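Heads up: the structure comes next, in structure tokens.
What follows draws every value from the coordinates through simple rules; no lab data is involved. Predicted model, so just to flag it, every value in this text is computed and none were measured. Note that each Cβ is placed from the backbone with ideal geometry, even for glycine, and that neighbours are counted across all protein chains shown.
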Amino acid sequence: MALTASRTSTQPSSRRHPLVATAMVLPLAALLVVVFGGWEAVVTQASSVGVMLGR
């Protein structure tokens, strides 16, 4: 029988929690929206998707 590594290792995981990743990305996303005026594009795309879905 081959030895396999267990899924629960004693080493800490190098993956971040999704909330931590979100907290890291949100300030940059907000800055890009302000700098490039992207809010209108987001609203336009959301409206287009809503129309396609019949709302």
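Structure above, values below:
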{"quantity": "Pair list, Cβ < 7 Å and 6+ apart or interchain, from the range 14-32 residues that are without any contact (Cβ under 8 Å) to a residue 24 or more places away in the chain to residues that are in a loop (DSSP other than H, G, I, E, B)", "calculated": "Leu32/Gly38"}
{"quantity": "Enumeration of residues in the range 11-55 that are surrounded by 10 or more Cβ atoms within 10 Å (Cβ to Cβ) and outside any helix (DSSP H, G or I)", "calculated": "Arg16, Gly38"}
